[in-house]
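The values are calculated or read from the model by the stated rules, or taken from the named source; none is laboratory data. Here the structure is a predicted model, which means the values were calculated and not measured. Note that we place each Cβ from the backbone using ideal geometry, even for glycine, and neighbour counts take in every protein chain shown. SASA here: full protein model, heavy atoms, side chains in, ligands and nucleic acids out. Shrake-Rupley method; radii C 1.70, N 1.55, O 1.52, S 1.80 Å.
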Amino acid sequence: MALTTVPICHDRPTVDPTRWRESASCTSVGDYFFFAPESEADHARYLREDIARGICGGCVARNHCRRYSLETAQPYGVWGGLTEWERKEILERCSAS
């Protein structure tokens, strides 16, 4: 999946992680859909990530979460609707520019 431009290429976090998390949709469903269990099969990961994206899609904190995950280079999980691989791609593009 090709990603569009995300204007996040900062060295330091600028988002207070405690404020947006209080209103995030994921707080009511737990971590299961957002972080991979050990030895997860590919088809199970795609399904789990699709569910997480759906939860993120309707979340009022999505943009703050996404920004925080990129600014702090979160290595695991779905944050703001982005998988770890998508965040890695975005961050690599930012460091190349």
* **Pairwise FRET efficiency - GLU22 versus ARG93, Cβ, R0 = 41 Å, nearest 0.05** => 0.85
* To do: May I ask you to give the percent of accessible area on segment 19-95 that is carbon plus sulfur, with a probe radius of 1.4 Å?
  => 52
* First select every other residue whose beta carbon is under 14 angstrom from the beta carbon of LEU47; then total the charges, Lys and Arg +1, Asp and Glu -1. => -1
* Structure fact -> Going residue by residue through segment 24-32, the Karplus relation 6.51 cos²θ - 1.76 cosθ + 1.60 with θ = phi - 60° gives ³J(HN,Hα) values, rounded to whole Hz and with x marking Gly or Pro, of 6, 4, 5, 5, 8, 10, x, 8, 3
* Amide hydrogen neighbours beyond the local backbone of GLY80, cut-off 5 Å, H modeled -> ARG66
* Find which of GLN74, GLY57, HIS43 sits farthest along the positive direction of the dipole of segment 43-97, computed with +1 on the beta-carbon of Lys and Arg, -1 on that of Asp and Glu, about the Cα centre. => GLY57
* List, in order, the whole-Hz ³J(HN,Hα) value for each residue of segment 39-49 obtained from phi through the Karplus relation with A = 6.51, B = -1.76, C = 1.60 and θ = phi - 60°; use x for Gly and Pro. => 6, 6, 5, 4, 5, 5, 5, 4, 5, 4, 5
